[in-house]
C-alpha cells in the first residue's frame, strides 16, 4: 500500500470511529507502563511512541512526570483527537504526523515504543527498513518495546492484513540491530469482547 493510500485509510478509521471502538483500545496500557517501570526509564528520557496516535499511553506518561514525549502517527485526525483529549497538556508533547518508514528525526530517542503498528508492515524490505530506522533513531543503549499480533493472533485488523509474529520471528527481525531483553505472549480483549493474541518483546540497541 502506497503512503498516500495508507494515510487515507487511517484518516477514515479515525474520522468514523471513536478510539474506544477500535480493536487496540486500552484505557490503561498496563504492559507498556510496566515496561517503563521495570526498565527504570528516567523521567527525562526522550520517548517516541510509534503509531501512538490517539493512544492513552502519553496521558499516563505525562501523569507519571515524563517530560520529553514524542508521538508519531500517519493520521493527522488521530493526533488531533489526542490533542483535544489532553487539552493544555497537549503542548507538553511533540506531535509528528508521518509514516514511520518515511521518518527522519532530528534527535536521538532513548525509548522506541510500538504497540500494534509494526505488524501492519507486510513487505520484507520495509520490515527490514523499519528495523534500520529504529536503530538509527535510538541513542546508544536505547530501548525498544514492541507488540504485534502473534502467530496465532488475527490475520487482519481495521480492514488491513497484518504480519503475525512468534517470539522467534520477532526476535530475528531485530537481531542484527538489537539484543533481546525479554519476550512474552499475552491476550488482549477488544472493546467488542474479542480475544486477540499478542507477542511482546523488549530490546536494547546494539552499537552506535
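The values are calculated or read from the model by the stated rules, or taken from the named source; none is laboratory data. The shown structure was predicted, so the numbers you read here are calculated from the model rather than taken from an experiment. No Cβ is skipped: glycine too gets one built from the backbone with ideal geometry, and neighbour counts run over all protein chains shown.
Details
- Scope the range 140-167; condition under 27 Å from residue 208 (Cβ atoms) and surrounded by fewer than 16 Cβ atoms within 10 Å (Cβ to Cβ); matching residues: 140, 141
- Residue check, residue 58 surrounded by 22 or more Cβ atoms within 10 Å (Cβ to Cβ) and not in a loop (DSSP other than H, G, I, E, B): yes
- Set 90, 131, 78: member being assigned to a helix (DSSP H, G or I) and touching a residue at least 60 places away in the same chain (Cβ under 8 Å): 78
- Condition met for residue 177 (modelled with pLDDT of 95 or more, touching a helix residue (DSSP H, G or I) at 6+ places or on another chain (Cβ under 7 Å) and within 20 Å of residue 5 (Cα to Cα)): no
- Restricting the range 24-54 to residues that are modelled with pLDDT under 95 and over 17 Å from residue 200 (Cα atoms), the residue that is nearest to the chain's Cα centre (by Cα) is 53.
- The one condition from (1) surrounded by fewer than 20 Cβ atoms within 10 Å (Cβ to Cβ); (2) closer than 20 Å to residue 71 by Cα; (3) touching a helix residue (DSSP H, G or I) at 6+ places or on another chain (Cβ under 9 Å) that residue 183 does not meet is (2).
- Condition broken by residue 114, with the remaining ones in (1) surrounded by fewer than 21 Cβ atoms within 10 Å (Cβ to Cβ); (2) closer than 22 Å to residue 66 by Cα; (3) in contact (Cβ under 8 Å) with a residue 40 or more places away in the chain satisfied: (1)
- Residues that are in contact with a helix residue (DSSP H, G or I) (Cβ under 8 Å, 6 or more places away or on another chain) and closer than 19 Å to residue 143 by Cβ were ranked within the range 67-92; the one that is surrounded by the fewest Cβ atoms within 10 Å (Cβ to Cβ) is 67.
- Strands (runs of 3 or more DSSP E) completely within the range 135-208 that count 2 or more residues being free of Cβ contacts under 8 Å to residues at least 24 places away in the same chain: 178-189
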